[in-house]
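Take a look at the structure set out below.
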Amino acid sequence: MVSCSLNNEQKYSFFYSNDILKNIFLVCCYISDFNPKMNRPIMPEIKLLQKNIVETFLCGEGNTLLKALQENGFDIYSPCGGNGTCGKCMVYVKGEGEVTSCIYPVTNDIEIVLPEKREANILVEQHEHTIEMPFNPGDTVGFSSFPYGVAIDIGTTTLVFYLVNLISGAIIETRAVVNPQSKYGADVISRINFAALNDGGLETLQKEILYTINLQLDHFIEVAEITNNELVKITIAGNTTMLHLLLGVDPLPIALAPFTPAFVDEQILKGKELQLHCHPEAEIKILPSIAAYVGADIVAGIASIKPLGEYQRFLFLDIGTNGELALVTPETIWCCATAAGPAFEGANISCGMSAVEGAISVFGTEGYSVIGNAAPVGLCGSGLIDVVAHLVENKLVQNDGLLSEDFVIVPETSEKNSIVLTQQDIREVQLAKSAILAGVKVLLKKASLTFDDLDVLFLAGGFGNYIDLESAVKIGMLPKEMEHKTISLGNTSGTGALLALKSVQFDQIIQDIRNRSCYIELSEEEDFVLDYVMNMDFEM
């Protein structure tokens, strides 16, 4: 029998000139490669180049390129979760050009070049409207003579960490990183799907987040020159899905009607239960949520704002991969969530990207600004809003959203393709901005209020901090009545987690927020559907 251990070049040069031998060879290869009784499965080799690094590894049978890369520790931006719908997981394959890695089957040895990793622009600062609380971190400070604590904000896109000295209350260091789960999907639904549809998917997502947390804890231990046993308290805020994934709890019910999460109450664990690099008896406090799509990040954020005084009635909007909205009154907090975020995170936009180095973040008649002052490679959420506002203001797009031709933001050069905004991009923005404004109007109707009755609109989160308010109003994402009554608060979720770390009295503030909250499921509201359709157009 002809040996099949030759490499491809040797196979073809030896057999190409003889048809009989060539046919025998092909049959033998077919039998030995695909008959499990006779030989091992095909294991193609991937040679990877990234900057000055060269690595090789084998690709498992039937794997796509994306899955092979993920299994070998490489983070590839894949906001659709590897479903082949976003086209963001492009990888250069030598001899073939750029391919969509999540739908590219690896059947032969290949050489690939990965895109460079880029620095993320993540908001970490607390806001000036933060409530003042007495410093009282609780009983776990007794575990060490030099106790420290860590507050963590687990966002869908980013994670923020705060190291605090629990004797003085001083913030020693703040760290921010990209959520490692992003490669499995940009939004919570994509990650829920990954957990549900892949064997070991939930375990994979939990391991990703715990590994990243432990890396940061190790860094803090080194910086503060302490041991694990000095980390005695950790508080964590995040949306409901992220908290389920952190604890390894099945999040699938969150995505299915009637959208009932496994838990929304506060969870208290010990460090050893999550195998965190801290004191084994350290208190790990998971802050409470309200509903499937109004999580601990919103509860912590609202609780972090100074008590009602100057502002008796206000809107609280956290626009990220999900649009979470709350209307706060002295009696009731009306809240809801809209599926608005993926467009503003760049996931559904042709040249969209996260707010990282190389992303166009500001656009106007005088030009554009790029995060990191780097060469532009795409468009993040704040830049997207500016571009659409520019098109609306200059009547380059019709009020129904019709765009006669692609709008070129950065022309094509010999080094890179054009950065453009397409008709489909406009449609994505229309859907997202309409969902937010329609959600706000539903809350107002529930509270029997108008925009004139509101004292202020608070914008939370990184996206809310960086968008241009005038642009947001021009495209109809924010109400024009609130343009001059809007305040950006920054990372309120992180601020709330920090307050929970430093003061046990903050627990009562959180409980009061939950007691006053009334969640509105927009899918059950007829007014939402009507407002959603009516708000789709741009006002010229």
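The values are calculated or read from the model by the stated rules, or taken from the named source; none is laboratory data. Keep in mind it's a predicted model, so treat the numbers as computed, not measured. With ideal geometry, Cβ positions are generated from the backbone for all residues, glycine too; neighbour counts draw on all protein chains shown. For the accessible areas, the whole protein counts, side chains as well, though only heavy atoms, and no ligand, DNA or RNA atoms are used. Shrake-Rupley method; radii C 1.70, N 1.55, O 1.52, S 1.80 Å.
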task: Show the residue pairs that are 6+ apart or on different chains and have beta-carbon atoms under 6 Å apart, the first residue being within the range 363-392 and free of Cβ contacts under 8 Å to residues at least 24 places away in the same chain and within 12 Å of Asp468 (Cβ to Cβ), the second being open to solvent by 10 Å² or more (accessible area, probe 1.4 Å) and not acidic (Asp, Glu).
output: Ser369/Ser361; Ser369/Val362
query: Does the range 198-208 include one or more residues that are within 14 Å of Val150 (Cβ to Cβ) and in contact (Cβ under 8 Å) with a residue 24 or more places away in the chain?
result: no
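Name the residue, out of Asn417, Asn399, that is polar (S, T, N, Q), over 29 Å from Phe458 (Cα atoms) and open to solvent by 50 Å² or more (accessible area, probe 1.4 Å). Walk me through how you get there before you give the answer.
Values: Asn399 fails: over 29 Å from Phe458 (Cα atoms).
Among Asn417, Asn399, only Asn417 is polar (S, T, N, Q), over 29 Å from Phe458 (Cα atoms) and open to solvent by 50 Å² or more (accessible area, probe 1.4 Å).
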message: Restricting to the range 277-320, name every residue that is more than 18 Å from Phe259 (Cα to Cα) and hydroxyl-bearing (Ser, Thr, Tyr).
response: Ser304, Tyr311
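Please pick out the residue among Glu173, Glu203 that is part of a helix (DSSP H, G or I) and either surrounded by fewer than 22 Cβ atoms within 10 Å (Cβ to Cβ) or of a type outside the set (Lys, Arg) (or both). Steps first, answer last, please.
Working: Glu173 fails: part of a helix (DSSP H, G or I).
Going through Glu173, Glu203 in turn, just one is part of a helix (DSSP H, G or I) and either surrounded by fewer than 22 Cβ atoms within 10 Å (Cβ to Cβ) or of a type outside the set (Lys, Arg) (or both): Glu203.
Which of the residues that make up the range 376-396 are of a type in the set (D, E, K, R), farther than 24 Å from Glu357 by Cα and surrounded by 15 or more Cβ atoms within 10 Å (Cβ to Cβ)? It would help to see each step written out before you state the result.
Step one: list which residues in the range 376-396 are of a type in the set (D, E, K, R), which gives 386, 393, 395.
Narrowing the set further to residues that are farther than 24 Å from Glu357 by Cα leaves 393, 395.
Selection gives Glu393 alone.
Only one of these is within 23 Å of Thr486 (Cα to Cα) and among the polar types (S, T, N, Q): Ser448, Ser418. Name it.
Details: Ser418 fails: within 23 Å of Thr486 (Cα to Cα).
Result of the check over Ser448, Ser418: Ser448.
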field: Qualifying residues in the range 438-462 (those that are assigned to a helix (DSSP H, G or I) and free of Cβ contacts under 8 Å to residues at least 40 places away in the same chain) - the one nearest to the chain's Cα centre (by Cα)
entry: Phe451
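Somewhere in the range 177-188, is a residue open to solvent by 40 Å² or more (accessible area, probe 1.4 Å) and out of contact with any Pro (no Cβ under 6 Å at 6 or more places or on another chain)?
Pass one, the range 177-188, residues open to solvent by 40 Å² or more (accessible area, probe 1.4 Å): 178.
Add one more test, that the residue is out of contact with any Pro (no Cβ under 6 Å at 6 or more places or on another chain), and what stays is 178.
Yes, the range 177-188 contains at least one residue that is open to solvent by 40 Å² or more (accessible area, probe 1.4 Å) and out of contact with any Pro (no Cβ under 6 Å at 6 or more places or on another chain).
Across the range 326-362, what is the number of residues that are assigned to a loop (DSSP other than H, G, I, E, B), among the small types (Gly, Ala, Ser) and over 12 Å from the mean Cα position of the chain (by Cα)? Full working, then the answer.
Filtering the range 326-362 down to residues assigned to a loop (DSSP other than H, G, I, E, B) leaves 329-332, 339-340, 345-351, 353-355, 357-358.
From what's left, among the small types (Gly, Ala, Ser): 339-340, 346-347, 350, 354-355, 358.
Imposing the further condition that a residue be over 12 Å from the mean Cα position of the chain (by Cα) reduces the set to 339-340, 350, 358.
Of the residues in that region, 4 qualify.
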- prompt: For residues in the range 138-160 being part of a helix (DSSP H, G or I) and hydrophobic (A, V, I, L, M, F, W, C), which is most open to solvent (accessible area, probe 1.4 Å)?
  reply: Phe143
- prompt: Would you pick out the residues in the range 268-289 that are open to solvent by 40 Å² or more (accessible area, probe 1.4 Å) and in contact with a Ser or Thr (Cβ under 9 Å, 6 or more places away or on another chain)?
  reply: Glu281, Glu283
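Going through the range 161-170 one residue at a time, which ones are surrounded by 21 or more Cβ atoms within 10 Å (Cβ to Cβ) and either of a type in the set (A, V, I, L, M) or under 16 Å from Glu345 (Cβ atoms) (or both)?
Our first condition is that a residue be surrounded by 21 or more Cβ atoms within 10 Å (Cβ to Cβ); within the range 161-170, this holds for 161-164, 166.
Once the filter is applied, which keeps residues that are surrounded by 21 or more Cβ atoms within 10 Å (Cβ to Cβ) and either of a type in the set (A, V, I, L, M) or under 16 Å from Glu345 (Cβ atoms) (or both), the range 161-170 yields Leu163, Val164, Leu166.
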query: From the residues in the range 91-126 that are within 21 Å of Glu61 (Cα to Cα) and of a type in the set (A, V, I, L, M), which one is modelled with the lowest pLDDT?
result: Val99
field: Any pair with Cβ under 8 angstrom, 6 or more apart, that starts in the range 399-411 at a residue that is over 15 Å from Asp386 (Cα atoms) and in contact (Cβ under 8 Å) with a residue 40 or more places away in the chain and ends at one that is among the hydrophobic types (A, V, I, L, M, F, W, C) and open to solvent by 80 Å² or more (accessible area, probe 1.4 Å)
entry: Asn399/Met540
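When you go through Ile319, Ile298, Ile371 one by one, which is the residue that is within 25 Å of Thr130 (Cβ to Cβ) and in contact with a strand residue (DSSP E or B) (Cβ under 7 Å, 6 or more places away or on another chain)?
Working: Ile319 fails: in contact with a strand residue (DSSP E or B) (Cβ under 7 Å, 6 or more places away or on another chain); Ile371 fails: within 25 Å of Thr130 (Cβ to Cβ).
Answer to the selection: Ile298.
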- line: Considering residues that are open to solvent by less than 20 Å² (accessible area, probe 1.4 Å) and within 23 Å of the chain's Cα centre (by Cα), the number found within the range 215-238 is 7
task: Could you please give the count of residues in the range 231-267 that are out of contact with any Ser or Thr (no Cβ under 7 Å at 6 or more places or on another chain), closer than 19 Å to Ser144 by Cβ and of a type outside the set (Ser, Thr, Tyr)?
output: 2
- prompt: Only one of (1) under 24 Å from the mean Cα position of the chain (by Cα); (2) open to solvent by less than 60 Å² (accessible area, probe 1.4 Å); (3) of a type outside the set (S, T, N, Q); (4) modelled with pLDDT under 80 is not met by Lys11, so which one is it?
  reply: (1)
